[in-house]
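Trainee: Quick one: this structure, given as structure tokens, is what I'll be asking you about.
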Amino acid sequence: MEPDSVIEDKTIELMCSVPRSLWLGCANLVESMCALSCLQSMPSVRCLQNTSVMEDQNEDESPKKSALWQISNGTSSVIVSRKRPSEGNYQKEKDLCIKYFDQWSESDQVEFVEHLISRMCHYQHGHINSYLKPMLQRDFITALPEQGLDHIAENILSYLDARSLCAAELVCKEWQRVISEGMLWKKLIERMVRTDPLWKGLSERRGWDQYLFKNRPTDGPPNSFYRSLYPKIIQDIETIESNWRCGRHNLQRIQCRSENSKGVYCLQYDDDKIISGLRDNSIKIWDKTSLECLKVLTGHTGSVLCLQYDERVIVTGSSDSTVRVWDVNTGEVLNTLIHHNEAVLHLRFSNGLMVTCSKDRSIAVWDMASATDITLRRVLVGHRAAVNVVDFDDKYIVSASGDRTIKVWSTSTCEFVRTLNGHKRGIACLQYRDRLVVSGSSDNTIRLWDIECGACLRVLEGHEELVRCIRFDNKRIVSGAYDGKIKVWDLQAALDPRAPASTLCLRTLVEHSGRVFRLQFDEFQIISSSHDDTILIWDFLNVPPSAQNETRSPSRTYTYISR
């Protein structure tokens, strides 16, 4: 018997000399290979090998003979109308081909098939492709659990969004079982709560956070509960966004009842309380649910102009030129910092660093080891008028002044970096985050700046008097002014130079009867304070049904871009 390599070489050689119809008659690729492998042992082929050249020469002259090789209609396989010597001999030849093929190594088998395919025509390639395509497809989601790898199938499907997860449930019962037993709707909701503050806040306010992040599946409801919960959450979110756009809100009012002079200059809030600094020199802490005054802190001898608190302390700045540190739980004074020569207009602290600014035109940078251990690191001088506001992160300290400029300083070295010029009058407020600075001025405008290059990205116009306070998040800018109005702006549109200026203001809210001094907001509410001695809570989540069809504040043209 000849070696396999010799058989393979002769088989390929024969393929080029034998009429194609002979090996096209095989129903599939395996039969083609087997037929070609045993060509040497077939007497008919030996004969054909000698006469193939004559057949090619006489093909045009013998239509009757060439018709013997035509393709039968109505079949997907190529059928050759040749007469096998005998059915028994064909089966033996086929079995012999398969036997040889099976004896070869995988690499030899692949190489042999590549040789065959390279010599085939386009139609044959298409036929082979149709035959192989279903063999190459794998339902891995169904196959993995059969191998005891359910967790891998669940992990793969857990990356789907809600629309894709709905489609996956319809593929087959096995996919639906993997999604159900893997609690993938629960995992999708948990992923959204971890990454989106709107989802996190909504879970806490609506109470469905109690069903999340349970270690054991038996600790919570079944997958069907989360499957039905998801569209309810989406509906809730759409309602909130609609309320913001249309100005629908539930308004709550706190009357501060100042003793001597009216006005609430500053505030900060969390889920439980609101802490406010008043013109009558006091600090009042309010219960956010009942709106009752829980505590009054006294000690400053001037108006409380600015404050910030965390879970341990409240830090306040006053027109009496001092900074005081209070215990947030007991209200006890823990420290008093005497440095500035005039009113302390604003302050910020974070991660052991505090920055204060003053009417005396200076900025003080403090190391804040603890409430009782606060030391002055550096004084920044450069502004030519009162420094009204400061903000900072790990990279920059940003300050704004009545001298119409915004100055940028290095947080680590306290060295001056650059000046942002553009406002035509003094600057009263700003916020800085990432590369974006948003400032408000007594020229009645709001400006957006790129802090890295100092460029003004956009000017927002609409307020009729000094813009006193401003805050922004990923979606909106909210501003308050001495005209008594609060305006909500579309931040994403404002950053798009193609957006028309008339489309940037989403809504104007009018409820305060005096100047708006300070505001803070989140996904669900705005809390603002005013010269009218009130604190207003604008709730866009819990809007009563009676208010759904009415708009209390003046409407404006708007464009809203959701993210």
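Trainee: Please find, among Tyr211, Tyr265, Tyr230, Tyr226, the residue that is among the hydroxyl-bearing types (Ser, Thr, Tyr), under 30 Å from Gln176 (Cβ atoms) and buried (at least 19 other Cβ atoms within 10 Å of the Cβ). Outline the logic, then answer.
Mentor: On the way: Tyr211 fails: buried (at least 19 other Cβ atoms within 10 Å of the Cβ); Tyr265 fails: under 30 Å from Gln176 (Cβ atoms); Tyr230 fails: buried (at least 19 other Cβ atoms within 10 Å of the Cβ).
Just a single option satisfies the conditions, and that option is Tyr226.
Trainee: Can you pull out every residue in region 328-353 that is among the aliphatic types (A, V, I, L, M) and either assigned to a strand (DSSP E or B) or open to solvent by 50 Å² or more (accessible area, probe 1.4 Å) (or both)?
Mentor: Val333, Leu334, Leu337, Ile338, Val344, Leu345, Leu347, Leu353
Trainee: Are any residues in region 302-326 under 17 Å from Ser529 (Cβ atoms), part of a strand (DSSP E or B) and either open to solvent by 10 Å² or more (accessible area, probe 1.4 Å) or not small (Gly, Ala, Ser) (or both), and if so, which ones?
Mentor: Val304, Leu305, Cys306, Leu307, Gln308, Tyr309, Ile314, Thr316
Trainee: From the list Val113, Val178, Val171, which residue is outside any helix (DSSP H, G or I) and either at pLDDT below 90 or under 30 Å from Ile233 (Cα atoms) (or both)?
Mentor: None of the other options fit; the residue is Val171.
Trainee: Moving to a separate point now. With Val315, Val304, Val328 as the choices, which residue is within 21 Å of Leu380 (Cβ to Cβ) and either under 42 Å from the mean Cα position of the chain (by Cα) or without any contact (Cβ under 8 Å) to a residue 12 or more places away in the chain (or both)?
Mentor: It is Val315.
Trainee: For region 205-213, check the following and say yes or no: at least one residue is in a strand (DSSP E or B) and in contact with an Asp or Glu (Cβ under 9 Å, 6 or more places away or on another chain).
Mentor: Within region 205-213, not a single residue is in a strand (DSSP E or B) and in contact with an Asp or Glu (Cβ under 9 Å, 6 or more places away or on another chain).
Trainee: Okay, moving on. Given the conditions (1) out of contact with any Leu (no Cβ under 8 Å at 6 or more places or on another chain); (2) open to solvent by less than 10 Å² (accessible area, probe 1.4 Å); (3) β-branched (Val, Ile, Thr), report the number of the one that Thr356 does not fulfil.
Mentor: (1)
Trainee: Moving on. May I ask you to verify whether Glu190 is of a type in the set (Asp, Glu), part of a helix (DSSP H, G or I) and open to solvent by 40 Å² or more (accessible area, probe 1.4 Å)?
Mentor: For Glu190, the condition - of a type in the set (Asp, Glu), part of a helix (DSSP H, G or I) and open to solvent by 40 Å² or more (accessible area, probe 1.4 Å) - is not met.
Trainee: Moving on. Of the conditions (1) under 18 Å from Val478 (Cβ atoms); (2) within 27 Å of the chain's Cα centre (by Cα), Arg435 satisfies every one except a single condition; which number is it?
Mentor: Just one mismatch for Arg435, condition (1).
Trainee: Same structure again: Are any of the residues in region 288-301 of a type in the set (Ser, Thr, Tyr) and either within 31 Å of the chain's Cα centre (by Cα) or buried (at least 22 other Cβ atoms within 10 Å of the Cβ) (or both)? Before you say what the answer is, go through the steps one by one.
Mentor: Residues of region 288-301 that are of a type in the set (Ser, Thr, Tyr), as a first pass: 289-290, 298, 301.
The next check asks that each one be either within 31 Å of the chain's Cα centre (by Cα) or buried (at least 22 other Cβ atoms within 10 Å of the Cβ) (or both); those that pass are none.
Scanning region 288-301, I find no residue that is of a type in the set (Ser, Thr, Tyr) and either within 31 Å of the chain's Cα centre (by Cα) or buried (at least 22 other Cβ atoms within 10 Å of the Cβ) (or both), so the answer is no.
Trainee: Criterion first (part of a loop (DSSP other than H, G, I, E, B), of a type in the set (Gly, Ala, Ser) and either more than 19 Å from Leu430 (Cβ to Cβ) or within 24 Å of the chain's Cα centre (by Cα) (or both)) does Ala499 satisfy it?
Mentor: It is true that Ala499 is part of a loop (DSSP other than H, G, I, E, B), of a type in the set (Gly, Ala, Ser) and either more than 19 Å from Leu430 (Cβ to Cβ) or within 24 Å of the chain's Cα centre (by Cα) (or both).
Trainee: I would also like to ask the following. Collect the residues in region 113-163 that are of a type in the set (A, V, I, L, M, F, W, C), open to solvent by less than 80 Å² (accessible area, probe 1.4 Å) and more than 35 Å from the chain's Cα centre (by Cα), keeping them in residue-number order.
Mentor: If the condition is that a residue be of a type in the set (A, V, I, L, M, F, W, C), open to solvent by less than 80 Å² (accessible area, probe 1.4 Å) and more than 35 Å from the chain's Cα centre (by Cα), then Val113, Leu116, Ile117, Met120, Cys121, Ile128, Leu132 are the ones that fit.
Trainee: Any chance you could count how many residues in region 406-422 are open to solvent by 10 Å² or more (accessible area, probe 1.4 Å), closer than 22 Å to Leu460 by Cβ and either outside any strand (DSSP E or B) or β-branched (Val, Ile, Thr) (or both)?
Mentor: 2
Trainee: Quick one: in region 443-502, which of the residues that are surrounded by fewer than 18 Cβ atoms within 10 Å (Cβ to Cβ) and among the small types (Gly, Ala, Ser) is farthest from Phe416 (Cα to Cα)?
Mentor: The selected residue is Ser502.
The values are calculated or read from the model by the stated rules, or taken from the named source; none is laboratory data. If you're wondering where the values come from, they're calculated on a predicted model, not measured in any experiment. Positions of Cβ are generated from backbone atoms using ideal geometry, with glycine treated the same way; all protein chains shown enter the neighbour counts. Only protein heavy atoms, including side chains, enter the accessible area calculation; ligands, DNA and RNA are left aside. Shrake-Rupley method; radii C 1.70, N 1.55, O 1.52, S 1.80 Å.
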